[in-house]
Amino acid sequence: MRQARPRLLGVHASIQVSGTIGELPPYVPRDLDADLRASLTAASVDGGFVLLVGGSSAGKTRALFEAVKVVLPEWWLVKVDAVGPTVRELRSARPPRTVVWMDELQHYLNGRERLTSGDAFSLIGCGMVLVATLWPDEYLRRATPRAPNDESDPYADDRALLGLARVLDVPGDFSVAERQRAVELASDGRIQTALDTPDAGFTQVLAAGPQLIRQWQSAPPKDAFGKAVITAALDARRVGSAAPLTRAYLESAAPAYLNDRERATAPDDWLDQALAYACALLSGATSALSPVAGGMGRTIGYTVADYLHQYGRQVRRCEPIPDDVWLALVDHHASSDSLRLADNAERRLCIRRAESFFRCALAAGETVAGQPLARLLAGDGQVDEALAALRPSADAGEYGASRALAELLAEHGHIEELRSRADVGDWSAAEVYAKYLAEQGLIDELRARADDDGWPATDQLCYWLAANGHLEELRARAHAADLQPVDEETGDKYANEAAEWLAQGLAVAGRVAELRARTEDGDEDAAEMLAEVLADQGFPDDALVVLRAQVDGGNAYLERTLADLLAAQGHGEELLARADAGDAECARALAGLLAAQGDADTLRARAGRGDRPAAERLAGLLADQGHVDEAIAMLRARAEGHDRVSDYEMACLLARHGRVDELRHRADSGDACAAEELVKLLVAQRRVVELEAEVRAGTPTAARAFRAN
């Protein structure tokens, strides 16, 4: 590590000032250095993961480099390039005392060979220290839990991965103490220049960030072609292009950002002039576009400066992408970017372009593209094309595609194909076909399939039997299932769908005595139904007796039911006792009861002792009592401590009190929950123009909400 060169590990080049020497100026110690070095020391004992989160050019990579060099100077250093091969080699070799370096972690979390939580866990288990940096919006997007009603969770594994890390934030601006330390090093002209530029961040000036913005936004008329090329590159990256942008793309897309006169009078070498302007080195530090070499004297594409990308994404977030640019991307993009481009196009209601990108992804072997492509095709009435798009993905074992194919076959009457797929072991087809048989009243065939194949035909048959009052057959099937042997792999009895549906059928029929008898025989499903029936019939105390016996006997499944009924009946003392004994469901229900009673003091006291449900309810109660700013400050403090659940709570709170601007700010920072609540609020307030802007920005759920309303 002590031999490593910072520039090769991702530290930005510095502006060059006359009279200075070296690639970089002296390091200005940061306020976070002590915590960072302590975290690295702790990670070095048995392995660990340290992650710095901060914006582009905030100084996070330099701070990480300096800290690792001080704490672990004699450790080996591995800079990850290709995730799969590197992880496999490290697992195999298990080198001692090794730092695994991953600058800009988001680059390792996309694509087919991505870093998984399992990869990180195994490397940490080998005693290695993983160090990485990540942008704040990327961290929020991946770390924030999904909303409760959001079934999709594309970042579930990323969230598990980030949960392994000790996360430290790197502010974009220097503190007073940091600037004072910089003054002590101002004999270096680069540091003095940064100190003398008060309208921009210290580290951003060192990386020529403000010059990048001026070069793009303030280009003189003679360099309109260069500005257009930069804008075309920024928009491409904004909508998902991560691979280097080709000359062919820039040539096709840049004219969309020029007016008629500029296009008509463009010289033959306009593109060469534009690229020369865009690639010009600013103060020896950086350029808006950087050429990517494909060999000696050969350029295969261009990348956009990270700092300029972050700035451009903010100022152009609601600007529409010209259709000519979408077409240029369709014709000139890397196959590794197809899915991201398709998603961005669909979220902006550019449906035809999204279809094109999904087709490109399928052609490149990305079978996961089949399902979204089929959804678009089916929505446009192209059912046969949708089925054709789904079949390869379903045959490749993609569960989502299998399910979508089965449902589409049933919806459009392709029953023979649905039956055939069910017969050859397609689980999704078997589920959908069983449901079809039940809906059509084809019970004899459904019964035969249940007897031959078991679940899911059994589940649908038992549902039909319960709904139609055939309790005797349900009893017989439940008894037969109880006689089945245990599962050889798990040691558990096979799932008894008949017993579950029998309990519900008995509850509907009001058969309390039989439910009680089955409960006494150990039927947990009957116990749940018995408690529900007793509560509905006005005997909550009897229901509580049943639930207490079940929960105290080890039935964790009914803990939530017991807690909710205790709260509904006002049994605060029992809730308190169970919560203090470690019952999480009772802690949740107690917090809800205290909030309903307006008892902020007790909630505050419990929150101060680390009771998470109390802290969650306290913020909502304070807001309801008119102390919205205090509630937001409380949630913000928890979020800054990387309590990601507070992000969802804050989004809901801001939406409930109509704080559109704050919601939009958090949505722009990558908070998916805030984005969803923002869209809901705009719809509720009928702010159509702003909703359209969110569609242009590609805000998740905005397109769907716009079309629905």
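The values are calculated or read from the model by the stated rules, or taken from the named source; none is laboratory data. Just so it is clear, the structure is predicted and the values come from calculations on it, not from any experiment. Positions of Cβ are generated from backbone atoms using ideal geometry, with glycine treated the same way; all protein chains shown enter the neighbour counts. These accessible areas exclude ligands, DNA and RNA; they are computed on the full protein's heavy atoms, side chains included. Shrake-Rupley method; radii C 1.70, N 1.55, O 1.52, S 1.80 Å.
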Do any helices (runs of 4 or more DSSP H) entirely within the stretch 81-169 hold 1 or more residues that are open to solvent by less than 40 Å² (accessible area, probe 1.4 Å) and of a type in the set (Lys, Arg), and if so, which?
136-143
Which ones in the stretch 256-278 are open to solvent by 30 Å² or more (accessible area, probe 1.4 Å) and either free of Cβ contacts under 8 Å to residues at least 24 places away in the same chain or closer than 24 Å to residue 340 by Cβ (or both)?
256, 257, 259, 260, 261, 263, 264, 265, 267, 268, 269, 272
Given the conditions (1) β-branched (Val, Ile, Thr); (2) surrounded by 17 or more Cβ atoms within 10 Å (Cβ to Cβ); (3) within 21 Å of residue 288 (Cβ to Cβ), and given that residue 191 satisfies all but one, which numbered condition is not satisfied?
(3)
Tally up the residues in the stretch 430-459 that are at pLDDT below 90 and among the polar types (S, T, N, Q), please.
1
Against the definition (open to solvent by less than 50 Å² (accessible area, probe 1.4 Å), of a type in the set (Asp, Glu) and not in a loop (DSSP other than H, G, I, E, B)), how does residue 431 come out, yes or no?
yes
Filter the helices (runs of 4 or more DSSP H) completely within the stretch 598-709 down to those with at least 2 residues that are within 25 Å of residue 166 (Cβ to Cβ).
600-608, 612-624, 628-640, 645-656, 672-684
With criteria (1) buried (at least 17 other Cβ atoms within 10 Å of the Cβ); (2) touching a residue at least 40 places away in the same chain (Cβ under 8 Å); (3) of a type in the set (A, V, I, L, M), residue 508 comes up short on (1)
Checked pairs for the stretch 158-184, first closer than 15 Å to residue 138 by Cβ and in contact (Cβ under 8 Å) with a residue 40 or more places away in the chain, second among the β-branched types (Val, Ile, Thr) and exposed (fewer than 12 other Cβ atoms within 10 Å of the Cβ), C-beta under 9 Å and 6 or more apart or across chains, list as none
Residue among 242, 254 that is within 20 Å of residue 322 (Cα to Cα) and either part of a helix (DSSP H, G or I) or of a type in the set (Val, Ile, Thr) (or both):
254
Output for the stretch 1-30, where each listed residue is open to solvent by 90 Å² or more (accessible area, probe 1.4 Å) and among the hydrophobic types (A, V, I, L, M, F, W, C):
8, 21
Inspect all residues belonging to the stretch 386-395 and state whether any of them is acidic (Asp, Glu), part of a helix (DSSP H, G or I) and open to solvent by 20 Å² or more (accessible area, probe 1.4 Å).
yes
Top-ranked residue of the stretch 399-417 - restricted to ones that are within 13 Å of residue 369 (Cβ to Cβ) and surrounded by 20 or more Cβ atoms within 10 Å (Cβ to Cβ), ranked as farthest from the chain's Cα centre (by Cα)
404
Of the residues that sit in the stretch 234-255 and are among the aliphatic types (A, V, I, L, M) and either out of contact with any helix residue (DSSP H, G or I) (no Cβ under 7 Å at 6 or more places or on another chain) or open to solvent by 40 Å² or more (accessible area, probe 1.4 Å) (or both), which one is modelled with the highest pLDDT?
248
Of the residues in the stretch 29-40, those that are within 30 Å of the chain's Cα centre (by Cα) and assigned to a helix (DSSP H, G or I) come to 33, 35, 36, 37, 38, 39, 40
Do we find that residue 373 is closer than 19 Å to residue 398 by Cβ, open to solvent by less than 20 Å² (accessible area, probe 1.4 Å) and either in contact (Cβ under 8 Å) with a residue 60 or more places away in the chain or in a helix (DSSP H, G or I) (or both) in this structure?
yes
Counting just the residues of the stretch 14-28 that are under 36 Å from the mean Cα position of the chain (by Cα) and within 14 Å of residue 185 (Cα to Cα), which one comes out modelled with the lowest pLDDT?
24
Considering only residues that are open to solvent by less than 60 Å² (accessible area, probe 1.4 Å) and of a type in the set (A, V, I, L, M, F, W, C), look in the stretch 570-580 and name the one that is nearest to residue 593 (Cα to Cα).
575
Scanning for something over 30 Å from residue 205 (Cβ atoms) and in a strand (DSSP E or B), does the stretch 324-342 turn up at least one residue?
no
Do you know which residues across the stretch 41-58 are without any contact (Cβ under 8 Å) to a residue 24 or more places away in the chain and under 26 Å from the mean Cα position of the chain (by Cα)?
none
Against the definition (buried (at least 19 other Cβ atoms within 10 Å of the Cβ), modelled with pLDDT under 85 and of a type in the set (Asp, Glu)), how does residue 497 come out, yes or no?
yes
Looking at the stretch 610-632, I want the residues that are closer than 13 Å to residue 646 by Cβ and touching a residue at least 40 places away in the same chain (Cβ under 8 Å) and have a partner that is open to solvent by less than 10 Å² (accessible area, probe 1.4 Å) and of a type in the set (Asp, Glu) with Cβ atoms under 8 Å, at least 6 apart or on another chain. Which pairs are those?
none
Result of the Cβ filter at 8 Å on the stretch 294-312, keeping first residues that are farther than 14 Å from residue 207 by Cα and touching a residue at least 60 places away in the same chain (Cβ under 8 Å) and partners that are open to solvent by 50 Å² or more (accessible area, probe 1.4 Å) and of a type outside the set (Lys, Arg), at least 6 apart or interchain, is 302/244; 302/291
Looking for whichever is of a type in the set (A, V, I, L, M), touching an Asp or Glu at 6+ places or on another chain (Cβ under 8 Å) and modelled with pLDDT of 90 or more here; the options are 82, 34, 38, 63. Which one fits?
63
Do any residues in the stretch 82-110 that are polar (S, T, N, Q) have Cβ atoms under 7 Å from those of residues that are open to solvent by less than 20 Å² (accessible area, probe 1.4 Å), where the two are at least six apart or on different chains, and which pairs are they?
86/80; 98/128; 106/134; 106/135
Only listed residue being among the hydrophobic types (A, V, I, L, M, F, W, C) and either surrounded by fewer than 16 Cβ atoms within 10 Å (Cβ to Cβ) or not in a helix (DSSP H, G or I) (or both), chosen from 49, 65
49
For residue 334: the one exception among (1) among the hydrophobic types (A, V, I, L, M, F, W, C); (2) without any contact (Cβ under 8 Å) to a residue 60 or more places away in the chain; (3) closer than 23 Å to residue 240 by Cβ; (4) surrounded by fewer than 18 Cβ atoms within 10 Å (Cβ to Cβ):
(2)
In the stretch 536-569, residue surrounded by the fewest Cβ atoms within 10 Å (Cβ to Cβ) [restricted to those that are small (Gly, Ala, Ser) and within 22 Å of residue 594 (Cβ to Cβ)]:
568
